[in-house]
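Down below is the structure, laid out as structure tokens.
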Amino acid sequence: MTWAGSSDAPPSARVAALAPSMQPSERRVAEAIAADIESAIDRSAQEVAEIVGVGRATVIRTAQTLGYDGYPQLRVALARELASGPMPVDESVDGSMLGALRAEVEAFSARLPQTVTALTDPQLEDFVESLDGATRVLVAANGLSAPLGLDLVLRLTAAGRPAEYLPDALGQEIAARQLGAGSVCVVISGSGVNRATLSVMTAARESGARVLAVTSFARSAVAESADVALVIPPVRGSFREELEHASRAALMLVTESLVGLVVARRGEQGRDARSATLSVLGHSLDE
């Protein structure tokens, strides 16, 4: 399986999304390139092979897995990414907690634009159309992605698109088995390999429902099992760092924005629903 996302996605985003499921030798090549883009631009395929400790053919296969014709085309894409990327962030701190916090936030914001580079218009249109037109919507999310599931349901309901979320994984699976044709199961999974979430997906598909996924890795079990998968590469850039830091900030940003697309698609109906929601909120506030 090679890169199937947007052709505009930069190499680093492609590596972040594909590396966890690459062959070990290709993964080493991809991560070595992503770790030092500037040097990779100046190196030949043979030089990269010698540094990583693989054959030249492996370097070429890696470039093709990332969606390029060969390593020369990958080098051009790397140069383009380097030229169009944000200015390097000064991560030096003054030793204070505030300085460390500022450095982390600035580094995060500099990498944030890559989160939507893997998406395409047809994917988004299919996702939003299926979500809007479903007779029933069940959201499945477990572990560290669970709060995103609840947040998405609350936002969809406020937008006039009723949805349901059960905090218990077994409850999600039971509900998924009862969805049926015309329904949709929206799966949110950062890692894309959560066992409980995969069980919910299987139950939903067996019921005849359509499965939509939001995940971080293009070749994960969740992405490959979904009817439509929106891949949001991890901001930190690698599966190891995803496991260590487990940030869901980029996924939450995208899921919140998806609700805005649903509201826009629903037109006056969506605006009326939001107006009703604001009215309820207004009555709930006190001085």
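Could you go through region 174-190 and let me know if any residue there is in the same structural domain as A141 (by TED's automatic domain parsing), at pLDDT 95 or above, more than 11 Å from A140 (Cα to Cα) and under 22 Å from the mean Cα position of the chain (by Cα). Scanning region 174-190, I find no residue that is in the same structural domain as A141 (by TED's automatic domain parsing), at pLDDT 95 or above, more than 11 Å from A140 (Cα to Cα) and under 22 Å from the mean Cα position of the chain (by Cα), so the answer is no.
The set of residues from region 211-236 being within 15 Å of L124 (Cβ to Cβ), more than 13 Å from the chain's Cα centre (by Cα) and either not assigned by TED's automatic domain parsing to the domain that holds S189 or not in a loop (DSSP other than H, G, I, E, B) (or both) is empty.
Would region 79-91 turn up any residue that is at pLDDT below 90 and surrounded by 17 or more Cβ atoms within 10 Å (Cβ to Cβ)? Checked region 79-91: at least one residue is at pLDDT below 90 and surrounded by 17 or more Cβ atoms within 10 Å (Cβ to Cβ). For T157, the conditions (1) among the polar types (S, T, N, Q); (2) surrounded by 20 or more Cβ atoms within 10 Å (Cβ to Cβ); (3) more than 30 Å from R28 (Cβ to Cβ) all hold with the exception of (2). Only a single item in (1) at pLDDT 90 or above; (2) within 24 Å of D121 (Cβ to Cβ); (3) out of contact with any helix residue (DSSP H, G or I) (no Cβ under 6 Å at 6 or more places or on another chain) is not met by P24, and it is number (2).
Apart from one condition, R102 fits all of (1) outside the structural domain of T197 (by TED's automatic domain parsing); (2) in contact with a helix residue (DSSP H, G or I) (Cβ under 6 Å, 6 or more places away or on another chain); the exception is (2). Condition check for V193 on (1) of a type in the set (A, V, I, L, M); (2) surrounded by fewer than 19 Cβ atoms within 10 Å (Cβ to Cβ); (3) in a helix (DSSP H, G or I); (4) touching a residue at least 24 places away in the same chain (Cβ under 8 Å): one failure, at (3). In a residue-by-residue description of region 127-136, the property of being part of a helix (DSSP H, G or I), free of Cβ contacts under 8 Å to residues at least 60 places away in the same chain and at negative phi applies to at least one position.
A quick yes/no check of all residues on (1) farther than 23 Å from V254 by Cα; (2) of a type in the set (A, V, I, L, M); (3) surrounded by fewer than 20 Cβ atoms within 10 Å (Cβ to Cβ):
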site	(1), (2), (3)
A19	no, yes, no
E26	yes, no, no
S44	yes, no, yes
G53	yes, no, yes
R56	yes, no, yes
D69	yes, no, yes
R111	no, no, no
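Of the residues examined, E104 is not one that is in contact with an Asp or Glu (Cβ under 9 Å, 6 or more places away or on another chain), assigned to a loop (DSSP other than H, G, I, E, B) and either among the charged types (D, E, K, R) or modelled with pLDDT of 80 or more (or both).
Conditions (1) under 29 Å from G192 (Cα atoms); (2) in contact (Cβ under 8 Å) with a residue 60 or more places away in the chain; (3) touching a Phe, Trp or Tyr at 6+ places or on another chain (Cβ under 8 Å); (4) of a type outside the set (D, E, K, R), marked per residue:
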{"site": "T2", "(1), (2), (3), (4)": "yes, yes, no, yes"}
{"site": "G55", "(1), (2), (3), (4)": "no, no, no, yes"}
{"site": "V59", "(1), (2), (3), (4)": "yes, no, yes, yes"}
{"site": "P72", "(1), (2), (3), (4)": "no, no, no, yes"}
{"site": "R102", "(1), (2), (3), (4)": "no, no, no, no"}
{"site": "P113", "(1), (2), (3), (4)": "yes, no, no, yes"}
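The residues of region 107-130 that are modelled with pLDDT of 95 or more and in contact with a strand residue (DSSP E or B) (Cβ under 9 Å, 6 or more places away or on another chain), listed by number, are D126, F127, S130. The requirement of being over 24 Å from the mean Cα position of the chain (by Cα), modelled with pLDDT under 90, small (G, A, S) and more than 22 Å from P20 (Cα to Cα) is not satisfied by A40.
Between R219, R240, the distinction of being out of contact with any Phe, Trp or Tyr (no Cβ under 6 Å at 6 or more places or on another chain), under 29 Å from E173 (Cβ atoms) and modelled with pLDDT under 80 belongs to R219 only.
The values are calculated or read from the model by the stated rules, or taken from the named source; none is laboratory data. In this text, all values refer to a predicted model and were calculated from it rather than measured experimentally. Here Cβ is always computed from backbone atoms with ideal geometry, including for glycine, and neighbour counts include all displayed protein chains.
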